[in-house]
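The values are calculated or read from the model by the stated rules, or taken from the named source; none is laboratory data. Predicted, not measured: the structure shown is a model, and the values here were computed from it. As a convention, Cβ positions derive from the backbone with ideal geometry for all residues, glycine included, and neighbour counts pool all protein chains shown.
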Amino acid sequence: MLTTQQPVFRRFWHAVMPLSHLADGPQPFTLLGESIVLFLDEHGQPAALRDRCCHRTAKLSKGWCNNGRLQCGYHGWVYDRTGQVVQIPQYEEGRRILPDFKTTAYHCVARYGYAWVALEDPVADIPEIPEFEAPGWRTIFQFYERWETSPLRALENSFDNSHFSFVHRATFGVAAQPKPSRYEIVEGDTGFYAETVIDAANPPQYQRVSGVSDPITTRHMRNAYFQPFSRRLDIEYPGGVRHIIINCFTPIDDGSIQLCQWLFRNDTEEDCPAQLLIDFDEVITREDKDILESTDPDALVDVRRRGVEFSMDSDRPGMLIRKKLMAMLASHGESEVHRGLPGVKIMLSREGASA
Ligand code: FES
């Protein structure tokens, strides 16, 4: 699937950038192939504009902010958060600025410490994260980085428990137990909830993460999918410690994503330092990144050119994600688009296609 060729994705909120990154001035980002610039307005709220000045097309992200207005770095035209040019330094006092002097403004709000952007009128809300700043929970901003893969690949991987014994054999995977535990899945209208119990390695250097000292631990995994490209993984360790990961796989273009990852814990810094939790998840995340960047971001189906992707039973959550996305595309009059093959329909293999 080429995410930039599916217009409906422009109508969802995407986590784009930590608000802390905007403290130093305007910042560029590419969302679904569109160059945007983010900045803080006069109220300290994030704003997003097309990263192109309407005078001589300079990138507005090359400019700077003055009192919540964005000034182009080329000739100094000044924009407000609606994209309107509100000041032209070269004009004499009182001269009217034509209303056509403007650039595109996008929907942009602050939530969970991030700027979220929808390129067009959103069709769904930002997912709820009740643990954010809630009593008894701490928030740890873990990762904000570019991966050379597609959001669908990253999403499927985040529900795929048959890769643990291989990709994660050096961390929490149990190499001797390649047969994955089965998910119990409850479907919603647009997403689903998948629950399972796994055995996981619990090496000494990470036992403060799990809060238990057994070499192998049983972990309760509650994994939820939110359209289009977000998930919530709630891991409960045997002693009751909860390790809740929120991922947004924000589409940059057809072959890359921005990984945005939050962690919520119901223990304390004394129980397990935040840096240890970051280090622990970073090793695992590197393992996922390395293998995902070896996959074809557009190899979903493409029957005529590269052959079908075959599936197995444990791919069921991934197949369900595909099914939900296909249904969503269809409800907006779209079908899946591939490189050189506009409008190719998805074809599911028999095994694992029962989602
Ligand atoms: Fe921006 Fe001239 S290009 S003010």
Do any strands (runs of 3 or more DSSP E) entirely within the stretch 74-177 hold 2 or more residues that are closer than 23 Å to R52 by Cβ, of a type in the set (A, V, I, L, M, F, W, C) and within 16 Å of the ligand (Cβ to nearest atom), and if so, which?
-> 85-87
Has the stretch 317-340 got at least one residue that is touching a strand residue (DSSP E or B) at 6+ places or on another chain (Cβ under 9 Å) and at pLDDT below 50?
-> no
Select from the stretch 321-338 the residues that are without any contact (Cβ under 8 Å) to a residue 60 or more places away in the chain and not in a loop (DSSP other than H, G, I, E, B) and write down the one among them that is nearest to N157 (Cα to Cα).
-> K323
Can you find a residue in the stretch 8-21 that is more than 10 Å from the ligand (Cβ to nearest atom), more than 27 Å from T149 (Cα to Cα), of a type outside the set (S, T, N, Q) and touching a Phe, Trp or Tyr at 6+ places or on another chain (Cβ under 6 Å)?
-> no
Filter result (buried (at least 16 other Cβ atoms within 10 Å of the Cβ) and closer than 28 Å to V37 by Cβ) within the stretch 124-138 = I126, P127, I129
Across the stretch 56-72, what is the number of residues that are surrounded by fewer than 16 Cβ atoms within 10 Å (Cβ to Cβ) and within 8 Å of the ligand (Cβ to nearest atom)?
-> 2
Residue list for the stretch 167-182, filter: of a type in the set (A, V, I, L, M, F, W, C) and free of Cβ contacts under 8 Å to residues at least 12 places away in the same chain = A175, A176
Filter the stretch 183-198 for residues that are within 30 Å of L329 (Cβ to Cβ) and in contact (Cβ under 8 Å) with a residue 24 or more places away in the chain and give the result.
-> Y183, I185, E187, T190, G191, F192, Y193, A194, E195, T196
Quick one: is Y106 among the hydroxyl-bearing types (S, T, Y) and touching an Asp or Glu at 6+ places or on another chain (Cβ under 7 Å)?
-> no
Would you mind listing the strands (runs of 3 or more DSSP E) fully within the stretch 1-70 where at least 1 residues are in contact with a Cys (Cβ under 7 Å, 6 or more places away or on another chain) and not basic (K, R)?
-> 14-18, 34-40, 46-50
Just give me the residues in the stretch 25-55 being over 29 Å from W147 (Cβ atoms) and within 16 Å of the ligand (Cβ to nearest atom), in sequence order.
-> C53, C54, H55
Would you mind finding the one in P251, P297, P228 that is in a loop (DSSP other than H, G, I, E, B), modelled with pLDDT of 95 or more and either of a type in the set (F, W, Y) or under 29 Å from M326 (Cα atoms) (or both)?
-> P228
Within the stretch 11-28, can you find the residues that are buried (at least 19 other Cβ atoms within 10 Å of the Cβ) and either of a type in the set (D, E) or closer than 23 Å to F226 by Cα (or both)?
-> F12, W13, H14, A15, V16, M17
